[in-house]
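K.L.:
One structure, as structure tokens, below. Some questions next.
The values are calculated or read from the model by the stated rules, or taken from the named source; none is laboratory data. Keep in mind that what you see is a predicted model, and the values were worked out from it rather than measured. All Cβ positions, glycine included, derive from the backbone under ideal geometry; neighbour counts span all protein chains shown. Quick note on the areas: whole protein, heavy atoms, side chains included, nothing else; ligands and nucleic acids left out. Shrake-Rupley method; radii C 1.70, N 1.55, O 1.52, S 1.80 Å.
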Amino acid sequence: MVRAMDVIEAIGHTPLIELKRIAAGLPVKVYVKCEHLNPGGSVKDRTARAIILDAEARGLLRPHQGMTIVEGTAGNTGVGLALLASARGYRLVCVLPEKMAVDKRIALCQLGSEVIITPNGGMSAPHTSDLVAARLAEENGWYLTNQFHNPANLEAHYGNAQYPGTGEEIAEQLAALGHKTIGAFVCSSGTGGTITGAGKRLKEADPRIQVVLADPVGSSLADWVTTGTLGPDAPFAVEGIGSGSVPSNLHRDVLDSAEKVTDADAFAMVERLVKEEGLTVGGSTGVNVVAALRVAARGNLDGPVVTIAADLWDRYRSTAWMKAWMEREARGISAR
């Protein structure tokens with residue numbers, strides 16, 4: 001007898017799709033793990049589920065008792081937490097930097113969350129969304145989900161006895177397609193959870209697998225991967241990834257190399273992914289795919305390259321890059 005799922009059980013088991021047009025002619029195949037097809041539209045649904053269920057297991061949260069959760073988020077984790085909060089009976093407060101798209105703020109409100117906006121700044125700035133969330137948690141006795149430093153975030157992608165992680169799913173899906181191993185796993189870092197958790201799981205199966213950080217130009221992390229020292233911290237438009245400091249969930253020992261990707265290249269790749277592969281994704285996925293194609297083009301790999309489609313395009317309608325794209329497309333519409 002088939003049992004109906006709830007939203008928590010619907011998270012994960014996302015498709016693995018080959019890029020048949022964009023990656024045509026490369027020495028190895030390139031696959032995208034479609035995390036944008038999770039119920040909340042992003043890979044961060046996994047993070048939200050892992051953090052909330054871990055807190056409940058440790059007695060820090062109790063469902064359906066009106067407890068309050070607070071998180072500093074770029075938006076996607078907030079959406080995932082909002083789904084969990086609705087299902088488990090929690091109140092949710094999300095603290096977002098003003099850089100993040102208006103679409104995300106509105107979506108969080110529509111999902112029943114309370115939204116607080118803070119000035120932009122690095123992770124160590126006193127007004128950063130993460131520190132404001134921590135202060136609110138301490139002052140009010142709320143539960144701080146703390147995605148940048150909570151080890152449950154890593155478990156979401158490594159896997160546990162209750163739910164398979166992103167890395168475990170990738171390995172199983174590639175094996176079902178006849179691949180004996182993976183050549184490289186390429187992924188950007190927001191909190192570090194996906195690339196560290198999934199990368200560690202994959203490397204345990206085959207230490208030859210390359211784990212490559214995809215990083216926006218302006219972020220300091222790519223230089224840190226290659227030299228051990230953070231690079232210059234400059235503005236960039238892609239949301240939710242890159243940083244001027246290192247979150248504790250990003251583990252350098254799992255990483256082999258890094259690729260820097262410009263905003264322009266990332267947004268151009270989003271257009272190609274939509275039009276050539278039918279993948280309706282956001283800017284961070286553009287960063288991931290540009291980097292993955294570079295890694296695949298160099299060859300010398302024992303298997304395909306896999307990367308992550310991190311979130312949906314619909315939460316970026318208010319951003320400058322998306323508005324410019326929509327305006328260009330609108331000019332091509334004709335009346336008959």
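K.L.:
Of all residues being among the aliphatic types (A, V, I, L, M) and under 21 Å from residue 42 (Cβ atoms) in region 213-245, which is nearest to the chain's Cα centre (by Cα)? Just the residue, please.
P.N.:
Residues of region 213-245 that are among the aliphatic types (A, V, I, L, M), as a first pass: 213-214, 217, 221-222, 225, 230, 234, 237-238, 241.
Going one step further and asking which of them are under 21 Å from residue 42 (Cβ atoms), we end up with 213-214, 221, 237-238, 241.
On the way: 213: 13, 214: 12, 221: 16, 237: 16, 238: 12, 241: 8 Å.
Result: 241.
K.L.:
Taking interchain pairs and intrachain pairs at least six residues apart, which have beta carbon atoms under 9 angstrom, with the first residue in region 9-25 and on the phi > 0 side of the Ramachandran plot and touching a residue at least 24 places away in the same chain (Cβ under 8 Å) and the second basic (Lys, Arg) and surrounded by 13 or more Cβ atoms within 10 Å (Cβ to Cβ)?
P.N.:
So the pair list comes out as 12/46; 12/49.
K.L.:
Something else about it: Which residues, taken from region 19-77, are assigned to a loop (DSSP other than H, G, I, E, B) and either among the aromatic types (Phe, Trp, Tyr) or under 13 Å from the mean Cα position of the chain (by Cα) (or both)?
P.N.:
From region 19-77, those assigned to a loop (DSSP other than H, G, I, E, B) are 19-29, 38-41, 43, 58-67, 73-75; that's our starting set.
Result: 38, 40, 41, 43, 73, 74, 75.
K.L.:
Then there's this: Go through 257, 284 for me and flag whichever is open to solvent by 30 Å² or more (accessible area, probe 1.4 Å) and at pLDDT 95 or above. Spell out how you get there, then give the answer.
P.N.:
Working: 284 fails: open to solvent by 30 Å² or more (accessible area, probe 1.4 Å).
The unique qualifying residue is 257.
K.L.:
Continuing with this model, one more query. Out of region 206-218, which residues are within 24 Å of residue 163 (Cα to Cα) and open to solvent by 10 Å² or more (accessible area, probe 1.4 Å)?
P.N.:
Filtering region 206-218 down to residues within 24 Å of residue 163 (Cα to Cα) leaves 206-207, 209, 211.
206, 207 - these are the residues of region 206-218 that are within 24 Å of residue 163 (Cα to Cα) and open to solvent by 10 Å² or more (accessible area, probe 1.4 Å).
K.L.:
Something else about it: Considering region 290-313 alone, what residues qualify as being out of contact with any Gly (no Cβ under 7 Å at 6 or more places or on another chain) and assigned to a helix (DSSP H, G or I)? Please lay out each step first, then the result.
P.N.:
Kept after step one, since they are out of contact with any Gly (no Cβ under 7 Å at 6 or more places or on another chain), are these residues of region 290-313: 290-300, 306-309.
Passing the criteria: 290, 291, 292, 293, 294, 295, 296, 297, 298.
K.L.:
In addition: What's the number of the only condition in (1) out of contact with any Leu (no Cβ under 7 Å at 6 or more places or on another chain); (2) among the β-branched types (Val, Ile, Thr); (3) surrounded by fewer than 24 Cβ atoms within 10 Å (Cβ to Cβ) that residue 28 fails to meet?
P.N.:
(1)
K.L.:
So is residue 184 buried (at least 23 other Cβ atoms within 10 Å of the Cβ) and modelled with pLDDT of 95 or more or not? Outline the logic, then answer.
P.N.:
Numbers: buried (at least 23 other Cβ atoms within 10 Å of the Cβ): yes; modelled with pLDDT of 95 or more: yes.
Here the answer is yes, as residue 184 does meet what is asked.
K.L.:
While we're here: Taking residue 328 as the residue in question, decide whether it is in a loop (DSSP other than H, G, I, E, B), farther than 23 Å from residue 205 by Cβ and basic (Lys, Arg). Lay out the reasoning, then the answer.
P.N.:
Numbers: in a loop (DSSP other than H, G, I, E, B): no; farther than 23 Å from residue 205 by Cβ: yes; basic (Lys, Arg): yes.
Considered against the rule, which asks whether it is in a loop (DSSP other than H, G, I, E, B), farther than 23 Å from residue 205 by Cβ and basic (Lys, Arg), residue 328 comes out as no.
K.L.:
Is at least one residue of region 313-325 open to solvent by 40 Å² or more (accessible area, probe 1.4 Å) and farther than 27 Å from residue 234 by Cβ?
P.N.:
Yes; the residues of region 313-325 include at least one that is open to solvent by 40 Å² or more (accessible area, probe 1.4 Å) and farther than 27 Å from residue 234 by Cβ.
K.L.:
Can you name every one of the helices (runs of 4 or more DSSP H) wholly within region 108-189 that holds 1 or more residues which are without any contact (Cβ under 8 Å) to a residue 12 or more places away in the chain and farther than 26 Å from residue 89 by Cβ?
P.N.:
Values: elements: 129-140, 151-158, 166-176.
Output list reads 166-176.
K.L.:
Could you say whether any residue in region 291-305 is of a type in the set (Asp, Glu) and either under 25 Å from the mean Cα position of the chain (by Cα) or under 29 Å from residue 39 (Cα atoms) (or both)?
P.N.:
Going residue by residue through region 291-305, those that are of a type in the set (Asp, Glu) are 302.
Okay, now just the ones that are also either under 25 Å from the mean Cα position of the chain (by Cα) or under 29 Å from residue 39 (Cα atoms) (or both), so none.
Checking region 291-305: not a single residue is of a type in the set (Asp, Glu) and either under 25 Å from the mean Cα position of the chain (by Cα) or under 29 Å from residue 39 (Cα atoms) (or both).
K.L.:
Examine region 192-205 for a residue that is open to solvent by 10 Å² or more (accessible area, probe 1.4 Å), not in a helix (DSSP H, G or I) and not polar (S, T, N, Q), and state whether such a residue exists.
P.N.:
Just the residues of region 192-205 that are open to solvent by 10 Å² or more (accessible area, probe 1.4 Å), to begin with: 194, 200-201, 203-205.
Filter once more, so that each one left must be not in a helix (DSSP H, G or I): none.
No, every residue in region 192-205 fails to be open to solvent by 10 Å² or more (accessible area, probe 1.4 Å), not in a helix (DSSP H, G or I) and not polar (S, T, N, Q).
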